[in-house]
Structure formats: C-alpha cells, structure tokens
Amino acid sequence: MKIFKQSKNIAARSLLALTALVILPIGTQTLAADAPYPTKPITIVVPYNAGGPTDLLTRTIATVMEKNLGQSIKIENVGGGGGTAGVGNVILAPKDGYTVLVTHIGIATAPSLYRSLRYDALKDLEPIGLIADVPMTVVARPNMAADNLKDFISFAKENKDKLSYAHAGVGSASHLCGMLLLNAINADILTVPHKGTKPAMDALLAGKVDFMCDQTISTTDKINSKAIKGYAVTSKNRLDALPNLPTLEESGLKSATVTVWQGMWVPKGTPATAIKRLNTAMQVALADPAVLAEFAKLSTKPYPVAQQTPAGLRTLHKAEIAKWAPIIKKAAVFAD
Ligand code: ASP
C-alpha cells in the first residue's frame, strides 16, 4: 500500500499493536474483531468544507445513525485536494470502526486526475454501502446577463477570457461537471478551485466567480428563490423540484450528463462486526421517513437496498474508475 508518510503517533500505535500481538494469549487477538461495537463516539470524515452538499447529506443520515448506534457521531470536514486530503486521512486512521468516510464520485475520478496519488482507495478502503445519487445543476451568479442555458452558452463562448468557473478542487464532482461542460461547449475558461462547493457558492453569490455546477442539495432553494441563476440539470431527466430547468441532454450536451453517487467507507482492516453494524445503521437511516422527505426536497433518493451494501459500492466504485479514466485522459486534465 502506498500511502502518506506515517505520523509519529501512528508509528507508536503500530508498535503498541505489535506488542499486544506478541504478548496476548492466542484467542485474545481475535477478540478485538468481535468486541462490542460501538462503545464510543464515531467520526465521519467528509472531504469537503462544512455546509456543502456532501456535508449536508452526511449530517442528514448521521442524526438517524446516531440513534441507531447509540453513540454520537462527529462530522469532521477535511477540505482540500478535491477530496483527496480527507480520503488520505481516513486511510491512515485506526482501523477500528470509529473513523468513517463519506464521499462521492470524486473518489473514482481522482486516480485519473492525480498521477502521484499516494493511495489506492479500492485497496485501502473497505466499502460500507451506496447512499444516494444526487443530480447537479449548472448555475451562475445572480446578475449574469443570460437567463437560459442557450443564451449563457453563446455568452460564454464570446466571453471565454473574461469568465471564471468555480469548483471544489480537481477531483471534486463540481470539477468533473465543469470539465465535461466546458469540453461539450468547447470553451477554455479559467477554473477556480475551492475546498468545497460551500466556499465556491459563497464566491458565486458574492459575484467573485461567474458560474459553477453544484448538487441540487445546495442549489434547489437558491435557484427557486432566484438568489442564483439556474440553467440546466445534469441528470438524464428533469427534476420535479426544478421543473423549468432543461437537462443538458435535451440541450444537446449529452456528454456532460453526470450525477453524484455518494457512499460510505472505512479503512481497510476494520473489523467485520463494525462494517456490518455501520451498514445496518446506514440502511436504517436511508429508510427513515424524515431522511426520505429531506432527500426528496433535494431531488435525491437512496439507492435500492441491494446497493446499500459493501458489494453494491465496490461494484460501482470499480466501474466508475473504468468509466472516467478514458474520458479524463482524452480531456488531458491533470491536478499535478
Ligand atoms: N461535494 C462537494 C462538497 O460537498 C463538492 C464537489 O464535489 O463538487 O462541497
């Protein structure tokens, strides 16, 4: 496993674990795997800033998971590197079920975007299950002249050198959406990275950047209240919550169609009991009427139960790495 440099603490912990392995009688070593779980608070790492869509989605399910697990859940936001900083932290965390990761499609595009990525998420993480698939929207600052996608595209092509596109770092979903969109309209436009789409959206609202893609979780209310301009949805079909927005596909930009699948993982080596218990709690949360109502308002719904599983997430994660690799290669976009 190629990972970041180990901290002294982790090295000390490994030494301790090694000592324990040597002095414990046979039988006790497997006890850890069967130990009661959870007996203390759990941390879920979200690799984007607080207040962004992945953070909000995680907090929505965490409130129900807490009750089911009988332990509190702390959300730790580790923005940076388009999600790779937070994922790297989780891979280095103790493999005891108390550090969990929630992230999305970006985990499958990062290997093609970062030539020197120091981990392999497929090998270094253990999947818990798929959560939900969230559409994105193409949006612009409130005072953008264009009122619809067609006019915006013409404007963007004529003003390539003056516009800026905000995203959550190379490897984020908003970066992927922007890459697909700019390729589809054949416009080379300045892109501005942030540590999540919350700061990117703040910049858009302040008129510091011109346009971006963001998940419906963050944009639905803002589009409907006209706080920002909404031009299109990135899903295959139009959305009930944003009925006036065309799909990119119906606007002739099929190649930019993309939705943001979200999943939950733990570091490789986490005991099976913890994985099973976290999966149960996640599935309970995804069947909770309040969670479903909140998801519906945000134009998303949970994956079918059969995919809310380790196998469901592993299969999609692998397939998506294979799907995006040639597209990113063709676009010749790299983070490093
Ligand atoms: N999901 C990220 C966030 O929560 C943003 C992104 O991937 O575009 O900020």
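Tabulated values for the structure
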| read-out | value |
| --- | --- |
| Residues of segment 165-186 classified as open to solvent by 20 Å² or more (accessible area, probe 1.4 Å) and free of Cβ contacts under 8 Å to residues at least 40 places away in the same chain, total | 1 |
| Of all residues in segment 47-72 being surrounded by fewer than 20 Cβ atoms within 10 Å (Cβ to Cβ) and among the charged types (D, E, K, R), the one that is farthest from the ligand (Cβ to nearest atom) | 67 |
| Single condition residue 223 does not satisfy, out of (1) in contact with a strand residue (DSSP E or B) (Cβ under 6 Å, 6 or more places away or on another chain); (2) near the ligand (Cβ under 10 Å from one of its atoms); (3) part of a helix (DSSP H, G or I) | (2) |
| Subset of segment 79-102 [open to solvent by 10 Å² or more (accessible area, probe 1.4 Å) and part of a strand (DSSP E or B)] | 99 |
| Inter-residue pairs, beta-carbon under 7 Å, first of a type outside the set (Asp, Glu) and in segment 146-164, second assigned to a helix (DSSP H, G or I), 6+ apart | 146/152; 146/155; 163/156 |
| Qualifying residue in segment 96-105 (condition: in contact with a Leu (Cβ under 8 Å, 6 or more places away or on another chain), closer than 19 Å to residue 216 by Cα, within 12 Å of the ligand (Cβ to nearest atom) and in contact (Cβ under 8 Å) with a residue 24 or more places away in the chain) | yes |
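The values are calculated or read from the model by the stated rules, or taken from the named source; none is laboratory data. Please read all numbers here as calculations on a predicted model, not as lab measurements. All Cβ positions, even for glycine, are placed from backbone atoms using ideal geometry, and neighbour counts span all protein chains on display. Keep in mind that these areas ignore ligands, DNA and RNA; they rest on the heavy atoms of the full protein, side chains included. Shrake-Rupley method; radii C 1.70, N 1.55, O 1.52, S 1.80 Å.
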